[in-house]
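Sharing a structure below in structure tokens format, with a few things to ask.
Throughout, read-outs are computed from the coordinates displayed, never taken from laboratory work. On a predicted model such as this, the values are computed, not experimentally measured, just so you know. With ideal geometry, Cβ positions are generated from the backbone for all residues, glycine too; neighbour counts draw on all protein chains shown.
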Amino acid sequence: MIVWIFFLLAVVFILALDLGVFNKTPHIISTKEASKWTLIWVTLSFLFSGVIYWLYTTDYIDNPDNLKPAVASMKFITGYLIELSLSVDNIFVIAIIFASFKIPQKYQHRVLFWGILGAIVFRGLMIFFGVMIINKFAWMTYIFGAFLLFTAIKMLFSGEEEDFQPKDSFVYKTLGKIMPLTSETDGEKFFISTKTAKRAATPLFVALIVIEVMDVLFAVDSVPAILAITSDPFLVFSSNIFAILGLRSMYFFLANMLAKFSYLEYSLIAILSFVGLKMLLHDFIHLPEWASLGFIALSLLVGILVSLKFGEEKVLTDNTEEE
């Protein structure tokens, strides 16, 4: 329990340092700044795998699956890469939400900051109940596996889907029935006084709520995917949290380059299919941990390389067809 407490305190300290020191004054996050922080978060995540190795050589952390330190470390990295890869779709949606509600770039970091706090709470609850369900009902592993495989197949054959429209969403319409909304903004405030209401929600707050709900929906895929790698609560939670903490910098780093990574979706399909099949066939096939990590890392690498080589050509072709 002491490890959990220290880990959560460290997360709170990092977030407080982020908002209170590094981003105290609202500003536009440049690509250079975002790339620097993305590199920092990725480096910290891989360094933490060394902490995982050390923890699982001691009695400081519960080890319900009796994992060897090297295996625990690889499972953490694998879970982190899965969550990171599945966050790409989330980045697309966040960009659409910000554009729809016309959120100024210099205030987007604040929205994502508070969004991360909510994501940590909701992910924690989903992981807690997910681990509990799998440990109590072993057959749920097959349900999760089938769901991930279904999601992958749906992504493969869905083709061009209708664009997500945040203002037409159920969340936005429901929020409008609960509280007054305004299109006016006042700096980075979430609520302001208007002529018609003493306390109306600004577009920043509305965007925050929509992002939170969308994150929960994305977690329905990502949490079972990590549970396919391990049901160890600390490994699942910590890998999720590191991916979430790095999501903001990754968003600002990729926001202007999303079109170039158009082929990365096929990497996500491959990863979801892999973990889904792994859950369905876990009684018959036991892959070594390095094989799972290798497949997921290779899928991401191939998707990135193919996107960088052919992604821009695809965008130019699509734009020509539209004209």
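Could you work out the relative contact order of the chain, using alpha carbon pairs under 8 angstrom and six or more residues apart, expressed as a whole percent?
It rounds to 29 percent for the chain.
Rg to Rh ratio, segment 109-258, alpha-carbon atoms and Kirkwood radius?
Taking Rg over the Kirkwood Rh, I get 1.03.
Place a point 7 Å from Cα of residue 14 in the direction of its Cβ. Which residues in segment 204-242 have their backbone N less than 15 Å from it?
Under 15 Å, as judged by backbone N against the label point of residue 14, lie 235-242 of segment 204-242.
Please report, to two decimal places, log10 I(q)/I(0) for the chain at q = 0.07, 0.08, 0.11, 0.15 Å⁻¹ as given by the Debye formula with identical point scatterers on the Cα atoms and no solvent.
-0.30, -0.39, -0.75, -1.35
Sum -39500 (n - 2.57) across every DSSP H segment of at least 4 residues in the chain, then divide by the residue count to get the 222 nm mean residue ellipticity, nearest 500.
Details: 11 runs with 229 residues, N = 323.
For the chain, the value works out to -24500 deg cm²/dmol.
If we count other beta carbons within 10 Å of each Cβ, what is the order of 110, 123, fewest first?
Neighbour counts put them in this order, fewest first: 110, 123.
Ok, one more. Work out Dmax and Rg for segment 1-155 from the C-alpha atoms and quote the Rg first, both in angstrom.
That works out to 18.3, 51 Å for Rg and Dmax.
In what sequence do 109, 282, 27 fall when counting other Cβ within 10 Å, fewest first? Display every interim value, and only then the final one.
Working: 109 22, 282 15, 27 12.
The order, fewest Cβ neighbours first, is 27, 282, 109.
OK, next. Ranked by Cβ crowding within 10 angstrom, fewest neighbours first, how are 83, 184 ordered?
Ascending number of Cβ neighbours within 10 Å: 184, 83.
A follow-up question, please. Take the residue pairs 75/106; 102/177; 167/195; 75/309; 102/189 and return only those whose Cα atoms are more than 26 Å apart.
Among 75/106; 102/177; 167/195; 75/309; 102/189, the Cα-Cα distance tops 26 Å for 75/106; 75/309.
Over 5 Å intervals from 0, what percent of Cα-Cα pairs in segment 263-308 sits in each interval?
Spelled out per bin, shortest first, that is 5, 23, 26, 22, 13, 8, 3, 0.
Less than 24 Å apart at the alpha-carbon level, and either on another chain or at least 8 residues along: which lysines does that give for residue 68?
Within reach: 136, 278.
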